[in-house]
Amino acid sequence: MMSFLSSFMIKVVALCYGVFMIGVLPLSSEAQLDPSFYNKTCPNVHSIVREVINNVSKTDPRMPASLLRLHFHDCFVQGCDGSLLLNNTATIVSEQQARPNNNSIRGLNVVNQIKTAVENACPGIVSCADILALGAEISTVLAGGPDWKVELGRRDSLTANITLAQNLPGPTLTLDQLKKRFSDQGLNTTDLVALSGAHTFGRARCVLFVGRLYNFSNTGNPDPTLNATYLQTLRSVCPNGGPGSNVANLDTTTPDTFDKNYYSNLQVHKGLLQSDQELFSTSGADTISIVNNFSGDQNAFFEAFKASMIKMGQIGVLTGSKGEIRKQCNFINSQSAELGLYNVASKESSEKDGGMVSSI
């Protein structure tokens, strides 16, 4: 009997040890992104993406900012999964119709150009979600910003979520509201300030900030945090009662360059959007010291931006066997096959008068 019990206990201990060892192993190796993901299957993907963006930027210097923004808008809605790129179908309601995206996002057709070039070199290998991530890094570098090793291996979603897209951070949010939107994505206050620095280049339509110029918070007066000279400049661009389609530079000093001037502008109350100026003008805010640090040390901003971009790029990714590698970015593969589509452009926002932006 004792021999039987001893044998039984040994088996139980062994089983428990085995369960423990399984428990301490990574839950899934599939969940790991890796900068070298395409080294063997599509080794030239970075140069392919760069060539397309560089060529487009020669005639449209705004495009790098627009492509960076696409990655933001994608990652903040059910993760970095390319869901933003999906067009309307019988089963999908496009996120492009959400208020923060409608008549706002630019560069969708450039993403399609990139996808075509990548498919010609490496068919069925590179996801649209990874193209957005690569496009964001390359666009930053082309505008004079930092480079980083983009983690790759994302797969594309089979769905979109217009409801979640309605909750993208907006240009009139308070600092507390901004913090909440970023916290919901696992991003902290430093990430908020660093990623907001993407507004160091690009444009915004008057409709997004005209209230600050004439009737801030229904007071009948302009936003008191606006520099008086800057206020008059903006009023000349955005007349009261105008159509709201004119555009202004997000950075008044170097509008097409990725640098620290965004933060220097905040210090002299020349943040274009309310959500920009909130970072510096909110009394007692912990963001003020971060703004001051980035304004005085561009390298500190660049390092923080790189870290936050990598962190953001990990939100809700699909890897392994989840999702798919879309053959065409605007439709899931089953719908592309059904409709006989191979290279169909997304519905592009109006670009003659500029695209709107969210606060990221």
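Can you tell me the relative contact order of the chain? Whole percent, Cα pairs under 8 Å, sequence separation 6 or more.
Relative CO of the chain lands at 26 percent.
Within region 121-137, what residues put their amide N at less than 19 Å from the label point 7 Å along the Cα-to-Cβ vector of D60?
128-129, 131-137
Would you mind telling me the share, in percent, of accessible area of region 159-306 contributed by carbon and sulfur at probe 1.4 angstrom?
48 percent
On the protein heavy atoms, probe 1.4 angstrom, tell me the percent of accessible surface of region 51-125 carried by carbon and sulfur.
The C+S portion of the solvent-accessible surface of region 51-125 is 49 percent.
By per-residue mean of other Cβ atoms within 10 Å, what is the highest-first order of 219-231, 150-162, 83-95?
Peptide ranking by packing, descending: 150-162, 83-95, 219-231.
Starting from the Cα coordinates of region 94-167, work out the convex hull volume and express it per residue in Å³.
Convex hull volume per residue, Cα atoms: 124 Å³.
In vacuo Debye scattering of region 132-177, one point per C-alpha: log10 I(q)/I(0) at q = 0.21, 0.22, 0.25, 0.28 Å⁻¹?
Each listed q maps to, in turn, -0.92, -0.91, -0.89, -0.91.
Against the longest alpha carbon principal axis of the chain, how many degrees, from 0 to 90 and to the nearest 10, is the axis of helix 2-24 turned?
20 degrees
May I ask which of K115/K327; K180/K270; K40/K149 have a Cα-Cα span longer than 19 Å here?
Table pairs above 19 Å Cα-Cα are K180/K270.
Which listed residue (V193, P255, L178) has the Cα farthest towards the positive end of the charge dipole for region 139-277, taking +1 on Lys and Arg C-beta and -1 on Asp and Glu C-beta about the Cα centre?
Among V193, P255, L178, the one farthest towards the positive end of the dipole of region 139-277 is L178.
At 222 nm, what value in deg cm²/dmol follows for the chain if DSSP H runs of at least 4 each add -39500 (n - 2.57) and the sum is divided by all its residues, to the nearest 500?
For the chain, the value works out to -13500 deg cm²/dmol.
Please express the Cα-Cα pair-distance distribution P(r) of region 130-261 as a list of whole percents, one per 5 Å bin, running from 0 to the bin with the greatest distance.
2, 8, 13, 16, 20, 18, 12, 6, 3, 1, 0
For Q177 and S283, calculate 0.36 nm times their separation in residues minus their Cα-Cα distance, and state this gained length in nm to one decimal.
Full extension of this stretch gives 36.7 nm more.
Hey, what's region 219-287 come to in accessible area per residue, 1.4 Å probe, Å²?
Result: 43 Å² of accessible area for each residue.
Just to confirm, what accessible area per residue do you get for region 153-210 at 1.4 Å probe, in whole Å²?
36 Å²
Go through region 263-341 and name the GluC sites (Glu not before Pro) that are in a DSSP coil and have 13 or fewer other Cβ atoms within 10 Å of their Cβ.
Within region 263-341, no GluC sites (Glu not before Pro) qualify (loop, at most 13 other Cβ atoms within 10 Å).
Stretched out fully, how many nm does the piece from Q32 to E338 gain, at 0.36 nm a residue minus the Cα gap?
Full-extension gain reported as 106.9 nm.
Under a plain spin-label model, where a point goes 7 Å from the Cα along Cα-to-Cβ, how far apart in nm are V93 and V268?
It works out to 4.6 nm between the two label points.
Looking at [x] 40, 27, 19; [y] 34, 24, 19; [z] 54, 20, 18, which value of semi-axes √(5λ) of the Cα gyration tensor in Å comes from a calculation on the structure shown?
Calculated semi-axes √(5λ) of the Cα gyration tensor in Å: the matching label is [x].
Roughly how many Å is it from the Cα centre of region 279-324 to that of region 75-123, as a whole number?
About 23 Å separates the Cα centre of region 279-324 from the one of region 75-123.
Which number comes out as Rg/Rh for region 209-322 once both Rg and the Kirkwood Rh are worked out on C-alpha atoms?
Using only Cα positions, Rg/Rh for region 209-322 is 1.07.
Projecting each Cα onto the charge dipole of the chain (Lys/Arg +1, Asp/Glu -1 at the beta carbon, about the Cα centre), which of I53, L279, V141 comes out farthest on the positive side?
I53
Calculate the length of the line joining the C-alpha centroid of region 188-233 to that of region 38-66, in whole Å.
Between the Cα centres of region 188-233 and region 38-66 lies a distance of 31 Å.
Compute the distance in nm between two label points, each set 7 Å from the Cα along the Cα-to-Cβ direction, one at N188 and one at N221.
Between N188 and N221, the simple spin-label model gives 3.8 nm.
The values are calculated or read from the model by the stated rules, or taken from the named source; none is laboratory data. Note that this is a predicted model, so its numbers are computed, not measured. Every residue, glycine as well, gets a Cβ built from its backbone with ideal geometry; the counts of neighbours run over all protein chains shown. Calculation scope for accessible area: heavy atoms of the full protein, side chains included, ligands and nucleic acids excluded. Shrake-Rupley method; radii C 1.70, N 1.55, O 1.52, S 1.80 Å.
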